[in-house]
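Working notes for the structure below.
Laboratory data are not the source of any read-out in this text; all were calculated from the coordinates shown. None of the values given here were measured: they were computed from a predicted structure. Methodologically, a virtual Cβ is constructed for each residue, glycine included, from the backbone with ideal geometry; neighbour enumeration extends over all protein chains shown.
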Amino acid sequence: MNVRKIGLLLLACCAVVGVSAQSTSALRINEVLTNNVNNYVDPFGNRGAWIEIYNSSAGTVQMAGCYITNDPNNPKKYMISKGDLKTKIGPRQVVLIWADGFAHHGTFHTNFKLDPTTENYIGLYDAGGKKLIDEVTVPVLAPDQSFGSPRDGVKERIVLKNPTPEAANYVENSNPKVDKFAEKDPEGVSMSITAMSVVFIALIVLYLFFKLVGKTAIRMSARRAMKAGSATTMAEAKQEADVPGDILAVISMAIYEHQEAEHDYEDAILTVKQVKRSYSPWSSKIYGLRQIPQRKF
C-alpha cells in the first residue's frame with residue numbers, strides 16, 4: 001500500500017516537472033535592441049539595450065530561475081531572480097529585460113551589456129541552466145533599430161525599423177473588408193442608403209409589433225367580457241371593451257367620490273358633454289388676441 005502511494009506521489013511530481021518544463025519552453029526571445037539612442041527609457045531614466053521575452057503559450061509561465069546570457073560558453077551568466085511577482089508572464093504577454101549591466105537595479109536588469117558595434121549572442125536557458133529554450137544572434141543595428149520576430153512568437157527574425165517594446169511586433173493598420181468597401185463606394189452613398197433603410201425597417205417592425213399587441217389586448221378584453229356574461233357576441237364584447245374616454249372619466253370621478261370619507265354631494269349629477277371642433281383650441285391664436293374695444297356713440 002505504501003509502495004503504491006509513493007509511486008503515485010512520484011508520478012505526480014514528474015507530471016508537475018513536465019508541465020513546468022513545457023511552460024518555460026514556450027518562452028521566445030521576441031525582440032532585441034542593442035543601440036538605444038532615442039528609444040525606450042527604463043524606470044531609472046537610462047537608455048540601454050533591452051531584450052523582450054514573449055510567452056507564446058495559452059497559460060501563465062513562471063520564468064523565475066531561468067538564465068539569460070550573452071556568452072554561449074556561460075549559460076548561467078545571469079539568473080532571473082525568484083520571488084518577484086512580475087516574473088510571471090501571462091498568455092501572449094511580454095516582459096522586458098534591460099541588458100545594461102546594472103543588476104543592482106532589480107530583477108529585470110542583467111549583469112552584462114550588449115555591444116552595439118558587434119554581433120551579440122543571446123541565449124535563454126531553463127531553471128537548470130542546461131536546456132536551451134531559445135537563442136538569437138543579433139547583427140549590428142542602426143541606432144534605434146531592433147531585431148526580432150515579424151510576428152510575436154515566430155522563429156523567423158528580421159530587422160524591425162520601428163521597435164515595439166512591450167507591445168505587439170506587428171499591428172494591422174488596415175482592414176481589407178473596409179478598404180474594399182471604401183474603394184467601391186468612395187462617396188458613402190451606399191452606406192447612407194443602407195443606414196436609412198435599417199432605420200425605416202426598424203420603425204415599420206415596431207409599428208407592426210405595437211399594432212399586433214394592441215389588437216391582442218382588445219381580443220383578450222373581449223373574451224373576458226364574454227366569459228363574464230356581459231356580452232353575447234365578439235362584436236358586442238369588442239364594443240364594450242372600447243369604452244370612450246368621457247365615460248371612463250365619469251366612472252373614475254364616481255369611484256373617487258364614493259371612496260371619500262365625507263359625502264357632501266350625494267345628489268350631484270355629473271354631465272360630460274363632448275364638444276366637436278374642427279380645430280384644436282390649444283393651437284388657436286384667437287385666444288391670445290386682445291379684444292378690440294367698442295366705441296359707443
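Just a few scattered comments:
- For Glu166 and Arg92, the FRET efficiency from 1/(1 + (r/R0)^6), where r spans their Cβ atoms and R0 equals 22 Å, is about 0.95.
- Placing a label point 7 Å from the Cα of Glu135 along the Cα-to-Cβ line, the residues of segment 62-103 whose backbone N sits under 19 Å from it are 66-80.
- Loop GluC sites (Glu not before Pro), segment 159-222, which have at most 12 other Cβ atoms in a 10 Å radius of their Cβ (DSSP): Glu166, Glu172, Glu187
- Exposure proxy shown here: for Glu156, Glu119, Glu31, the number of other Cβ atoms within 10 Å sets the order, fewest to most, as Glu156, Glu119, Glu31.
- Taking 7 Å steps out from each Cα toward its Cβ at Thr60 and Arg295 produces label points 9.9 nm apart.
- Computed from the C-beta positions of Phe44 and Asn73 and an R0 of 22 Å, the FRET efficiency is 0.15 to the nearest 0.05.
- Per residue, the convex hull spanned by the Cα atoms of segment 79-178 measures out at 143 cubic angstrom.
- When the charge dipole of segment 48-174 is built from unit charges on Cβ atoms (+1 for Lys and Arg, -1 for Asp and Glu) and taken about the Cα centre, the candidate among Pro91, Val159, Phe147 whose Cα reaches farthest toward its positive end is Pro91.
- Among Val178, Val138, the order by Cβ neighbours within 10 angstrom, fewest to most, reads Val178, Val138.
- Around Asp134: net Lys/Arg minus Asp/Glu count, Cβ-Cβ under 14 Å: -2
- Additional length obtainable on full extension of the chain from Ile201 to Ala182, 0.36 nm per residue less Cα span: 4.4 nm
- Cβ-based exposure ranking for Asp115, Asp152, in which fewest neighbours within 10 Å come first: Asp115, Asp152
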